[in-house]
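*Asks:* The structure under discussion is supplied below as structure tokens; questions concerning it will follow.
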Amino acid sequence: MLWAQVGERVRGQIGTNAFNSWMRPLRIAPLDGRRVVLLAPTGFMRDWIKTHYRQILLAEFRRDMPHIDDVVIEASLTADTPRRANSDTAAASSAAPAEQPAPAAARHAVAEARIADESASVVNTLDDKLTFDNFVVGKANELAYAAARRVAESDDVAFNPLFLYSGVGLGKTHLMQAIAWHIVSQRPDRKVMYLSAEKFMYHFIRAVRFKDTVAFKEQFRSVDVLMIDDLQFFSDKDSTQEEFFHTFNELVDRKHQVVISADRSPSDLDGMEERIRSRLGWGLVADIHPTDFELRVGILEQKAALNPHVEVPDDVIRFLAHRITSNVRELEGALKRIVAHHELMGRKISLELAQEVLTDLLRANARQITIDEIQKKVAEHFSIKVTEMSSSRRARAVARPRQVAMYLAKKLTTRSFPEIGRKFGNRDHTTVLHGVRRIEELIQDDPSLAEDVRLLEAALSN
């Protein structure tokens, strides 16, 4: 038969797996003049084949029938409509033409094809830099990291779901992709679906529009690992939430792993149904806290090491870690800007260059300088506790940083000596005056201390 002959040649071009997923379910209709009409089981398959394989099919049909002008892909069967369609799907469903439901075997075959395609395409959607090896661990993220590794490495379901949440740019997407990378590379037999909440919603609305929801359900409920990033986008999307709720329950009941991320904890997800918020808390909820100074230094050192041809001085790294505290993305972006300036303009990487290049970013991250902040920054820099600033200890390892903090408090704020003294354990103003003068003397003769003070002042100044 014509289709059998053409099909074999197409198989040779696209491979057996792709052929079985996309070509085998097709049926050829009676010839329509100068057109070949192929019937796909669903609208989803029709659109995919039209986009990816129509030109190949046209070329192969023309080898047997040179007079053919076009190959047309049409949907012959689709699945049932959902039980409800409200705010996020009503418009799509009302525009859909009436079609007949597909038989169960056809729906299952289509779902399997979609799952195979989604699983195969996971690698294409992942950033190869976002792996466990490239994730810097600190106190702020150690629980989330440990949980992510456990889920990725375990054959059994460790926590279901694993729910990761944090503010913007703190690493939750990095951990999500690291889990996916590990499973795809170490367990290629497992079906992994990783997508954003917006992509899940797009697939669902599309299924409603083309009356293809049964195949959609089979597709999403048949994976071994379902990973959805930025779940907060489901807020107030009622029918999408309903579909997610049933998908979630089905996967958890079958002990298939679910991993979710969001920008807030389950209990704080406004616009989300209470039953969903409750179920999201069933497994392990891991918060990724804002980075501390040591973690920011570690992240910058790792990023700088990725380019062995460029040397980033320690004082620049520590300056960035002091001044850019909002999120990791801004931190990494700042380093890239400095390195780019060095490579493109030929300028040496220095503290002065960093201050010049990052003027806008530093201004955006600048905060009003307070004595409390000065004490915290100085304590971080010299690796002592903030409480030591107000303690009675006179050991040099504590006394010298305390005097540096007093010096900076006098220089960078408008506080008087008595006011500064009260912030340092109710010390007398003469003690503060002595500390300030002592640092003024030492920075003339001690280059190391002078550099410490210069770096701290730069980090604290606007």
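*Asks:* If you go through region 383-395 one residue at a time, do you hit one that is among the β-branched types (Val, Ile, Thr), in the same structural domain as residue 429 (by TED's automatic domain parsing) and within 17 Å of residue 458 (Cβ to Cβ)?
*Replies:* No, region 383-395 contains no residue that is among the β-branched types (Val, Ile, Thr), in the same structural domain as residue 429 (by TED's automatic domain parsing) and within 17 Å of residue 458 (Cβ to Cβ).
*Asks:* Checking residue 298 against (1) without any contact (Cβ under 8 Å) to a residue 40 or more places away in the chain; (2) small (Gly, Ala, Ser); (3) not assigned by TED's automatic domain parsing to the domain that holds residue 236: exactly one of these is not met. Which one?
*Replies:* (1)
*Asks:* I'd like to know if region 346-357 contains one or more residues that are under 18 Å from residue 319 (Cα atoms), in contact (Cβ under 8 Å) with a residue 12 or more places away in the chain and part of a loop (DSSP other than H, G, I, E, B).
*Replies:* Checked against the condition, which is being under 18 Å from residue 319 (Cα atoms), in contact (Cβ under 8 Å) with a residue 12 or more places away in the chain and part of a loop (DSSP other than H, G, I, E, B), region 346-357 yields at least one hit.
*Asks:* Could you list all residues from region 258-295 that are without any contact (Cβ under 8 Å) to a residue 24 or more places away in the chain and over 26 Å from residue 152 (Cα atoms)?
*Replies:* 268, 274
*Asks:* Another one. Kindly provide the set of residues from region 253-264 that are surrounded by 18 or more Cβ atoms within 10 Å (Cβ to Cβ) and within 23 Å of residue 191 (Cβ to Cβ), ordered by number.
*Replies:* 256, 257, 258, 259, 260, 261
*Asks:* Sticking with this one: Filter region 341-364 down to residues that are basic (Lys, Arg) and exposed (fewer than 13 other Cβ atoms within 10 Å of the Cβ) and give me whichever is farthest from residue 460 (Cα to Cα).
*Replies:* So the residue we want is 348.
*Asks:* One residue is enough: does region 238-252 have a residue meeting the conditions surrounded by fewer than 18 Cβ atoms within 10 Å (Cβ to Cβ), aromatic (Phe, Trp, Tyr), touching a residue at least 12 places away in the same chain (Cβ under 8 Å) and not in a loop (DSSP other than H, G, I, E, B)?
*Replies:* Yes: one or more hits.
*Asks:* Let me ask you something else. Conditions first: (1) over 30 Å from residue 343 (Cα atoms); (2) in contact with a Gly (Cβ under 6 Å, 6 or more places away or on another chain). Residue 295 passes all but one, so which condition is the exception?
*Replies:* Going through the list (1) over 30 Å from residue 343 (Cα atoms); (2) in contact with a Gly (Cβ under 6 Å, 6 or more places away or on another chain), residue 295 breaks only (1).
*Asks:* Can you spot a residue in region 191-209 that is assigned by TED's automatic domain parsing to the domain that holds residue 130, polar (S, T, N, Q) and in a helix (DSSP H, G or I)?
*Replies:* No, because not a single residue in region 191-209 is assigned by TED's automatic domain parsing to the domain that holds residue 130, polar (S, T, N, Q) and in a helix (DSSP H, G or I).
*Asks:* Now a separate question. Return the total of residues in region 418-435 being surrounded by fewer than 20 Cβ atoms within 10 Å (Cβ to Cβ) and either part of a helix (DSSP H, G or I) or modelled with pLDDT under 90 (or both).
*Replies:* Of the residues in region 418-435, 8 are surrounded by fewer than 20 Cβ atoms within 10 Å (Cβ to Cβ) and either part of a helix (DSSP H, G or I) or modelled with pLDDT under 90 (or both).
*Asks:* Can you give me the number of residues within region 436-462 that are assigned to a helix (DSSP H, G or I) and within 42 Å of the chain's Cα centre (by Cα)?
*Replies:* 13
*Asks:* Residue by residue through region 211-240, note down the ones that are over 28 Å from residue 150 (Cα atoms) and within 23 Å of the chain's Cα centre (by Cα).
*Replies:* Passing the criteria: 235, 236, 237, 240.
*Asks:* Quick check, is residue 174 without any contact (Cβ under 8 Å) to a residue 60 or more places away in the chain, part of a helix (DSSP H, G or I), under 28 Å from residue 272 (Cβ atoms) and out of contact with any strand residue (DSSP E or B) (no Cβ under 9 Å at 6 or more places or on another chain)?
*Replies:* yes
*Asks:* Could you figure out which of (1) outside any helix (DSSP H, G or I); (2) in contact (Cβ under 8 Å) with a residue 60 or more places away in the chain isn't true of residue 22?
*Replies:* It is condition (1) that residue 22 fails.
*Asks:* Are there any pairs with C-beta distances below 7 angstrom linking a residue in region 425-454 that is among the hydroxyl-bearing types (Ser, Thr, Tyr) to a residue that is exposed (fewer than 14 other Cβ atoms within 10 Å of the Cβ), with the two at least 6 apart or on different chains, and if so which?
*Replies:* Cβ pairs passing all conditions: none.
*Asks:* Please count how many residues of region 27-51 are surrounded by 20 or more Cβ atoms within 10 Å (Cβ to Cβ) and in contact with a Leu (Cβ under 9 Å, 6 or more places away or on another chain). Spell out how you get there, then give the answer.
*Replies:* We begin by selecting, within region 27-51, every residue surrounded by 20 or more Cβ atoms within 10 Å (Cβ to Cβ); these are 36, 38, 40-46, 49.
With the extra rule that they be in contact with a Leu (Cβ under 9 Å, 6 or more places away or on another chain), the set shrinks to 36, 38, 40-42, 45-46, 49.
Qualifying residue count for the region: 8.
*Asks:* How many of the residues in region 366-397 are buried (at least 18 other Cβ atoms within 10 Å of the Cβ) and more than 17 Å from residue 453 (Cα to Cα)?
*Replies:* 1
*Asks:* Taking the options 16, 81, 51, name whichever one is touching a Lys or Arg at 6+ places or on another chain (Cβ under 7 Å), among the polar types (S, T, N, Q) and at pLDDT below 85.
*Replies:* 81
*Asks:* If you scan region 190-202, which residues turn out to be over 20 Å from the mean Cα position of the chain (by Cα) and surrounded by fewer than 19 Cβ atoms within 10 Å (Cβ to Cβ)? Working first, answer last.
*Replies:* Looking only at region 190-202, we keep the residues that are over 20 Å from the mean Cα position of the chain (by Cα), and these are 190-191.
Listed by number, the list holds a single entry, 190.
The values are calculated or read from the model by the stated rules, or taken from the named source; none is laboratory data. None of these values were measured; they are calculated from a predicted model. Note: ideal-geometry Cβ built from the backbone for every residue, glycine included; neighbour counts use all protein chains shown.
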